[in-house]
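The values are calculated or read from the model by the stated rules, or taken from the named source; none is laboratory data. The shown structure was predicted, so the numbers you read here are calculated from the model rather than taken from an experiment. Note that we place each Cβ from the backbone using ideal geometry, even for glycine, and neighbour counts take in every protein chain shown.
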């Protein structure tokens, strides 16, 4: 059975915190958040197509960005107006196509970025003078602004995944973990490769909760982030902890 079809059970350590401002419990994946995962776009990323697409340098942009809501799409549409032809390889193509966003046709449809030549229209390719990479991300760096401010929510959150479960009482359980193949539906199992399942993506010097600190705080808030950090430091002070490279394995605590 090939990697892209086999079932991988969760083998994670979890910790929960009550939200002091909302009727919510936060459930955090300790194993992934303390792992050495980091984005390896242009450094070994094979993309998410059905075959190895390393040379295309599409990363996870092959299918475009799916906006979380109308406000998310409207925000990106306004930011896209800041991009010039020197910033964005496909600006003229977007203008001819009446904009870079494909709006939902009905209540069940999702709002996405349009595709150009097999990937998100915002993705500059390797033959562009700025090199390969998201035009929105590149503009943010140019403006000395966090890319979170300029990119669709799903794009800056990856590979973090926030999932909300509302109980009958109205209480919300919010789970923070990593995106797995199954989270993308049936199409996820067709990916030739997915970064959170490959050891080559676990090469950072610092754990995820440090390297993605800003993204985590945006998702869970400063208070919960501080509680999580305190928990990790306290846990490590009581044992010799060795963090294994893959999130499918639990921490080795001796």
Exercise for the section: Provide a single number: the residues in segment 83-105 that are surrounded by fewer than 15 Cβ atoms within 10 Å (Cβ to Cβ) and farther than 20 Å from residue 63 by Cβ. Expected result: 7
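Evaluate the following for residue 110: is it closer than 23 Å to residue 180 by Cα, part of a loop (DSSP other than H, G, I, E, B) and either assigned by TED's automatic domain parsing to the domain that holds residue 176 or free of Cβ contacts under 8 Å to residues at least 60 places away in the same chain (or both)?
On the way: closer than 23 Å to residue 180 by Cα: yes; part of a loop (DSSP other than H, G, I, E, B): yes; either assigned by TED's automatic domain parsing to the domain that holds residue 176 or free of Cβ contacts under 8 Å to residues at least 60 places away in the same chain (or both): yes.
Against the criterion (closer than 23 Å to residue 180 by Cα, part of a loop (DSSP other than H, G, I, E, B) and either assigned by TED's automatic domain parsing to the domain that holds residue 176 or free of Cβ contacts under 8 Å to residues at least 60 places away in the same chain (or both)), residue 110 qualifies.
If the requirement is being at pLDDT 95 or above, within 25 Å of residue 24 (Cα to Cα) and within 12 Å of the chain's Cα centre (by Cα), which of these qualifies: 162, 180? Walk me through it before giving the result.
Numbers: 180 fails: at pLDDT 95 or above.
Result of the check over 162, 180: 162.
So, residue 201, is that one touching a residue at least 24 places away in the same chain (Cβ under 8 Å) and within 14 Å of the chain's Cα centre (by Cα) or not?
Values: touching a residue at least 24 places away in the same chain (Cβ under 8 Å): yes; within 14 Å of the chain's Cα centre (by Cα): yes.
Yes; evaluated as a whole, the condition is true for this residue.
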Exercise for the section: Find the residue count for segment 216-231, including only residues that are surrounded by fewer than 17 Cβ atoms within 10 Å (Cβ to Cβ) and either closer than 17 Å to residue 35 by Cα or touching a helix residue (DSSP H, G or I) at 6+ places or on another chain (Cβ under 8 Å) (or both). Expected result: 4
Exercise for the section: Evaluate segment 36-55: report whether one residue or more is surrounded by 18 or more Cβ atoms within 10 Å (Cβ to Cβ), assigned by TED's automatic domain parsing to the domain that holds residue 182 and not in a loop (DSSP other than H, G, I, E, B). Expected result: yes
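Just checking, which of 116, 105, 175 is assigned by TED's automatic domain parsing to the domain that holds residue 76 and at pLDDT 95 or above?
The conditions single out 116.
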Problem - From the options 141, 130, 136, 83, residue that is touching a residue at least 12 places away in the same chain (Cβ under 8 Å) and either part of a helix (DSSP H, G or I) or within 22 Å of the chain's Cα centre (by Cα) (or both) - result: 136
